[in-house]
Amino acid sequence: MAGIIVVGAQWGDEGKGKVVDVFSAHADLVVRYQGGANAGHTLVVNGVKTVLHLVPSGILHAKTMCMIAAGVVLDLEEVIKEIRDLKEAGVLTNPEQLKISDQCTALLSYHRKIDAAREAKAGLEKIGTTGRGIGPAYEDRASRKAILFGDLFDRERLRAKLEASLDEKNFMLTHYYKQEPVEVEPLYQRMLEMAAELEPYRSRDTSLLIHRALKSGKKVLFEGAQGTMLDLLHGTYPFVTSSSTLSGSACVGSGIGPSLMQKIVGITKAYTTRVGSGPFPTELDNELGDRLRREGGEFGATTGRPRRCGWLDLVALKYAIRVNGITSLALMKLDVLSGHERIDVCTAYRLDGQEIKELPVNSSDLSRVEPVYKSLAGWSDDLRNVRSIQDLPQAARDLIQFVASEVATPIDVVSVGPGREQTLWIKPLFS
Ligand code: IMP
């Protein structure tokens, strides 16, 4: 039994896609369990870039099966586009490689429309969502009005649910947001077309398939989306996404009990980024931040927005380790820190004149903290061609050692570039 959960330990964009792609070479099955097309998982193989929003990052390995489980809000148009692009690139030649749960929440054009209208109306209070309709789709699920992926294959039920849903949504769109309504008939017809195209990928019960795989000793990776600090309950609320991004969500979103999980790998960059609004204690709103953004290519894979950048925050990382039960870490983008004379790492916060080592869970407190830094020596060498930990400059190894010991968690993997070959293993994933 080897269920391994991969979670973002920061504000998303940590490099989960790359890690899952690399780990997938050794996995039988990769499962996406929460979030939706707000995620942008970038894979670079032999210099060719693939950006995935919904399809699990194991898809480039022909022998690795991929599943989209119940916890995902499935943007139907987006998943179709992604499947077509993959097929065009010669990937996903066999539909058996990808299975989509009947229990997924269908995300439709009106969810995106409400998301955008709500943000536009919010003014200064806006969350800075990706505009992908994530909040409105999860609202439908929670209020038990969602159209599920499985509903697409029952014409009568689909029409009845769509009519009921649009009745309410159109009232909100026209009266409250002053937008054009969404017509039932064209959307219904489009959904039937999409159902036909997606039918080969349909699975009535992905939970059962995943369970069987785990019980028969298969290696299963659970691929998280977004990051710990964007968790709906334990992130920087209200500046969060609408799903639970924590490791526990892998169990809930895929219908697998926690006792079948073996490891939880937390992914963190060697610095920090955040997209959208909300507190970010180590943000560098200056030339240094611009430099990290430039050298790290820190622009959103989904929206293209420039990411806010800052130093690594070990208070937030320790929090992520605690709330996820992280058993080991992958430290990403270490190469981006090359050329800095000094590298700061936040080890504590100062709040109301007191030094604290635990993250304040209240967002307004978190927005008032001042970071306390430990300054470490930098290095000038380009790390992108380094292929083993031993070949890293001493200062880079010292940084790795410092982080691991401060957060009392082993770092098993270090990444020095987007390519698969730029992955340095300290300890193999599957023993
Ligand atoms: P939503 O998930 O589109 O509703 O956006 C809510 C917040 O989460 C915004 O601050 C987004 O920028 C952020 N967010 C959502 N998905 C991602 C992601 O994959 N990476 C980084 N930030 C994200």
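The values are calculated or read from the model by the stated rules, or taken from the named source; none is laboratory data. The structure displayed is predicted, hence computed values, not measured ones. Glycine gets a Cβ as well: all are built from the backbone with ideal geometry, and neighbour counts include every protein chain shown.
Within region 133-141, is even one residue within 15 Å of the ligand (Cβ to nearest atom), under 24 Å from Gly12 (Cβ atoms), part of a loop (DSSP other than H, G, I, E, B) and within 30 Å of the chain's Cα centre (by Cα)?
To start, the set of residues in region 133-141 that are within 15 Å of the ligand (Cβ to nearest atom) comprises 133-141.
Those still in the list that are under 24 Å from Gly12 (Cβ atoms) too: 133-141.
Keeping just the survivors that are part of a loop (DSSP other than H, G, I, E, B) gives 133.
Those left that are additionally within 30 Å of the chain's Cα centre (by Cα): 133.
Yes: one or more hits.
For region 1-10, which positions are away from the ligand (no atom under 16 Å from the Cβ) and either in a loop (DSSP other than H, G, I, E, B) or at positive phi (or both)? Give the derivation first.
Looking only at region 1-10, we keep the residues that are away from the ligand (no atom under 16 Å from the Cβ), and these are 1-5.
Within region 1-10, just Met1 meets the criteria.
For region 296-314, a residue qualifies if it is at pLDDT 95 or above and buried (at least 17 other Cβ atoms within 10 Å of the Cβ), and the qualifying residues are Gly296, Glu298, Arg307, Arg308, Cys309, Gly310, Trp311, Leu312, Asp313, Leu314. So in region 27-52, with the set limited to residues that are surrounded by 22 or more Cβ atoms within 10 Å (Cβ to Cβ) and part of a loop (DSSP other than H, G, I, E, B), which one is farthest from the ligand (Cβ to nearest atom)? Per the stated criteria, the residue is Ala27. Scanning region 266-295 for residues that are of a type in the set (A, V, I, L, M) and either surrounded by fewer than 16 Cβ atoms within 10 Å (Cβ to Cβ) or more than 16 Å from the ligand (Cβ to nearest atom) (or both) turns up Ala270, Leu284, Leu288. Applying the condition of being farther than 22 Å from Lys99 by Cβ and under 10 Å from the mean Cα position of the chain (by Cα) to region 11-26 and asking which residue is nearest to the ligand (Cβ to nearest atom) yields Gly12. For region 350-372, taking the residues that are in contact with a strand residue (DSSP E or B) (Cβ under 7 Å, 6 or more places away or on another chain) and of a type in the set (Val, Ile, Thr), the one that is nearest to Tyr237 (Cα to Cα) is identified as Val369. Here region 316-349 is the region considered, the condition is being of a type in the set (D, E, K, R) and under 20 Å from Leu288 (Cβ atoms), and the residue that is nearest to the chain's Cα centre (by Cα) is Lys333. When we screen Ser277, Ser249, Ser338, Ser363 for residues that are of a type in the set (Ser, Thr, Tyr), in contact (Cβ under 8 Å) with a residue 60 or more places away in the chain and touching a Lys or Arg at 6+ places or on another chain (Cβ under 9 Å), the only hit is Ser277. Within region 53-64, being of a type in the set (A, V, I, L, M, F, W, C) and either under 19 Å from Gly12 (Cβ atoms) or surrounded by 23 or more Cβ atoms within 10 Å (Cβ to Cβ) (or both) holds for Leu54, Val55, Ile59.
Every residue, every condition in (1) within 16 Å of the ligand (Cβ to nearest atom); (2) assigned to a helix (DSSP H, G or I), yes or no:
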residue	(1), (2)
Pro200	no, yes
Leu208	no, yes
Ala213	no, yes
Val220	no, no
Gln226	yes, no
Met229	yes, yes
His234	yes, no
Pro238	yes, no
Thr245	yes, no
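The residues on offer are Val336, Val323, Val345, and the sole one that is within 23 Å of Gly276 (Cβ to Cβ), more than 16 Å from the ligand (Cβ to nearest atom), in contact with a strand residue (DSSP E or B) (Cβ under 9 Å, 6 or more places away or on another chain) and outside the structural domain of Gly40 (by TED's automatic domain parsing) is Val336.
Can you confirm whether Cys309 is of a type in the set (A, V, I, L, M, F, W, C) and in contact with a Ser or Thr (Cβ under 6 Å, 6 or more places away or on another chain)? Answer is yes for this residue.
Using the structure shown, decide if Ala70 is under 19 Å from Gly8 (Cβ atoms) and in the same structural domain as Ser243 (by TED's automatic domain parsing). No. Taking each residue of region 70-89 that is part of a helix (DSSP H, G or I) and looking for partners that are not hydrophobic (A, V, I, L, M, F, W, C) with beta-carbon atoms closer than 6 Å, six or more apart or interchain, yields Glu78/His53; Ile80/Glu197.
Could you grab me the full set of residues in region 292-321 that are of a type in the set (D, E, K, R) and touching a residue at least 24 places away in the same chain (Cβ under 8 Å)?
Across region 292-321, the qualifying residues are Glu295, Glu298, Arg305, Arg307, Arg308, Asp313, Lys318.
Cβ-Cβ contacts under 6 Å between residues 6 or more apart (or on different chains), taken from a first residue in region 211-240 that is at positive phi to a second residue that is part of a loop (DSSP other than H, G, I, E, B) and of a type in the set (S, T, N, Q), are listed as Gln226/Thr241; Gln226/Thr245.
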